Amino acid sequence: MSDATTITNDSGLIAEAQHSFVFFSTLLDKPVHDANGVSIGRLSDLAVSVAYMFPPVVAFVVQRGRWEKFALTGRWTDVADISGAAIRLNVGIQSLTPSKMDTPGEVLLRETLLDMQIVDMNGAKVVRVNDLHFLKVGACELRLVHVDAGTRGLVRRMGWEPRIDGVLRRFAPQARYLSAERLIRWNYVQPLSLDDKAHRIRLSVMQRQVKELHPADIAEILEDLDTHERATMFRSLDPETAADALAEVDDPRIQTQLLETVSQEAAADILEEMPPDEAADLLSELPPETSTALLHKMEVEEAEDVRELLTYPPDTAGGMMTTELVSLPAELTVEDTFARLRSEALDVENIYYLFVVDSEQRLVGVLNLRQLIMAQPTARLHEIMIKDPARVHHTDSRDSVAEMVEKYDLLALPVVDDGDVLVGMITVDDVVSHIANQAWKRKLGH
């Protein structure tokens, strides 16, 4: 296929270029001839520079015999033509060297990507690479623009495409499963098995892309990967993104495995970004000595909140609650409440209700944001709040908490101590997550 099209180059400029597309599978094992027409061997691999948005092919490997390999150490411009039955070079065989390619930032495609798992950042899922798709500009300049994760790519590599297409046209013309490639643009791809030098180059690309994904999508990707690739991806995330994703992982085993793949300093940074209750749940799954060491490395204030939560038995309201909530004095005016909320909102993950307390921090009322918005600016909270709201004691069972949330159709439930002092809040999400975690533990026989 050939056409004239407008493409975006790596400097962001738009250029008009004559181009066609080439699949990697159509080049692999193709004969290679030097400038004198001497047969050298067959194409075994291509190398690209991953420093670019759409990596250019920079070198190739020729399989001369069964065991012997020659690697072209010059640039791809030493290739004169790739369109014929054989790949033709513009240099002699003496210009090729048997040295192994180890140029920083360059990777071998067959060795590194084919049949490997990758993360499709656009589709937010893990797929397997069956073929690669190049943009061919001019005589033989190649740019990696897509990976093919479809069945057709695998069929093409196996050399079965003409035969299967013929069978489908004859016996099943309505079949569509091989009618199109499943192409994923390279800039939406995060390979998980690049060598360290190349991975560092791709890392900044992944970090920008992954921030656009929902934490639940990142968690699903992590759960789909094998242990090594899961660790590779998790270590590449910034602490805030890692914390959000970790909270969405359903399997407690994977949560602890992921936290153990990073240094204790990095793990402490991640835990600090998590809501205290989720950090406490995660630390409770770790060996006591590991949990203690991580708490020591956390910031004092965040660590203290988590330590407090760890003192409550896990199957109680105290073990389910978070200390991130908004509590306000009963004498505060509506106008002053809005000012307080603006300053405190950044430190609270979710504001379901506003809890009203007296001078001794005892729970006396609750109100939602709608009540606050509808009230006069000079009204005081004790005048507009709902008095004597539903609550649970920190020793109440999780079943009691679930029943209370369901009975009163609440988004959040305050938790108090023996003196009716407000000590935490349980959200409906906490109830659901806790039930899910208990189910996992029962499944695992814990």
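Numbers below:
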item: Some residue of segment 288-307 being within 25 Å of residue 237 (Cβ to Cβ) and outside any helix (DSSP H, G or I); result: yes
item: Set 238, 251, 305, 244: member being farther than 27 Å from residue 414 by Cβ and open to solvent by 30 Å² or more (accessible area, probe 1.4 Å); result: 238
item: Evaluation of residue 349 against (1) touching a residue at least 40 places away in the same chain (Cβ under 8 Å); (2) open to solvent by less than 40 Å² (accessible area, probe 1.4 Å) (one fails), failing number; result: (2)
item: Residue match in segment 283-297 (condition: open to solvent by less than 40 Å² (accessible area, probe 1.4 Å), under 29 Å from residue 345 (Cβ atoms) and under 20 Å from the mean Cα position of the chain (by Cα)); result: no
item: Top-ranked residue of segment 390-409 - restricted to ones that are of a type in the set (A, V, I, L, M) and touching a residue at least 40 places away in the same chain (Cβ under 8 Å), ranked as farthest from residue 364 (Cα to Cα); result: 401
item: Residue satisfying all of: in segment 64-98; open to solvent by 50 Å² or more (accessible area, probe 1.4 Å), in a loop (DSSP other than H, G, I, E, B) and over 30 Å from residue 128 (Cα atoms); modelled with the lowest pLDDT among these; result: 98
item: Index of the failed condition, residue 372 passing every other in (1) open to solvent by 60 Å² or more (accessible area, probe 1.4 Å); (2) of a type in the set (A, V, I, L, M, F, W, C); (3) within 23 Å of residue 409 (Cα to Cα); result: (1)
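The values are calculated or read from the model by the stated rules, or taken from the named source; none is laboratory data. Everything numeric in this text was worked out from a predicted model, so none of it was measured. Here the Cβ is made from the backbone with ideal geometry for all residues, glycine too, and neighbour counts use every protein chain on show. Surface accessibility is based on the protein's heavy atoms, side chains included, excluding ligands, DNA and RNA. Shrake-Rupley method; radii C 1.70, N 1.55, O 1.52, S 1.80 Å.
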